[in-house]
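Trainee: Sharing a structure, written as structure tokens. Questions coming.
Values quoted throughout were computed directly from the atomic coordinates according to the rules given, and no laboratory measurement underlies them. Predicted model, so just to flag it, every value in this text is computed and none were measured. Backbone-built Cβ (ideal geometry, glycine too); neighbour counts: all protein chains shown.
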Amino acid sequence: MTAGHNRPLEPNFKSAHDWHIYHVYNDPEFIEAAELIKQLRKRPNATPQDIEAMVHDVATYFVIRVGDVNLFLLPLYLENRKKPTAIGFDLATQRFTISFEPTTTKAELLDEWKQFENMRATLFPGDLTKTKRKPPGQPDLIYAIFKARQQKATFKVIFEDYSAGKLPDYTGSTNQFKDQKKLEEYYNKFKPTT
């Protein structure tokens, strides 16, 4: 089991880079280095520059990108932010996760989303649109579908409401998903845990 994670990483990769990252993430020396970064972050006198320098040194030593180190550390960055609404990243599945309680409001989710996007932009500077690991682009749509499912609405009804611009709790674009199956796949990929 790796530090800060619930289960070991499972290989499901297509490139040599992904396999290299897999082996680095499971290297006990790397896990120890990640723990040292975590401890440094907890020191009150540690500056962001100190942390960035250490992350850079670890990346250089293991011949990986700084973003790969930060990706591994993302659950560690998020662990102290546990609250009723949380956005995270599961290294084992390589997917972003959303969790919130059934009573969470749309405003609470969107506030958490904004904080998460700011953290993500800080940890992974550059063009985030080119990454293969994307969080959901429409957390408000995920929320609206979740709320509709709480009311026992079928995906057929949800899609009809979405297409007509009448899905409760959603005021965004209605032209991204042209059929029910695509909308359902999108939701299932990012559906929240409660």
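Trainee: Can you tell me the order of 137-146, 162-171 when each peptide is scored by its average per-residue count of other Cβ atoms within 10 angstrom, highest first? Before the final figure, lay out each step's value.
Mentor: On the way: 137-146: 20.8, 162-171: 15.4.
Packing order, densest peptide first, comes out as 137-146, 162-171.
Trainee: In whole Hz, with x marking every Gly and Pro, tabulate ³J(HN,Hα) for the stretch 146-151 from phi via Karplus 6.51 cos²θ - 1.76 cosθ + 1.60, θ = phi - 60°.
Mentor: 4, 5, 5, 5, 4, 8
Trainee: Under a 5 Å amide H to amide H cut-off, with H placed in plane at 1.01 Å, what residues pair with T97 once short-range neighbours are removed?
Mentor: Answer set, sorted by chain and number: G88, F89, D90.
Trainee: If packing is taken as the average count of other Cβ atoms within 10 Å, what order do 107-119, 33-45 fall into, highest mean first?
Mentor: In decreasing order of mean packing, 107-119, 33-45 become 107-119, 33-45.
Trainee: Pairs to check: K38/K181; K166/K191; K166/K189; K114/K189; K38/K189. Give those whose C-alpha atoms are more than 32 Å from each other in this structure.
Mentor: Exceeds cut-off: K38/K181.
Trainee: Go through the stretch 23-40 residue by residue and turn each phi into a ³J(HN,Hα) via Karplus (6.51, -1.76, 1.60, θ = phi - 60°); whole Hz please, and just put x for glycine and proline.
Mentor: Each residue of the stretch 23-40 in turn: 5, 5, 4, 9, 6, x, 5, 5, 4, 5, 5, 4, 5, 5, 4, 4, 5, 4 Hz.
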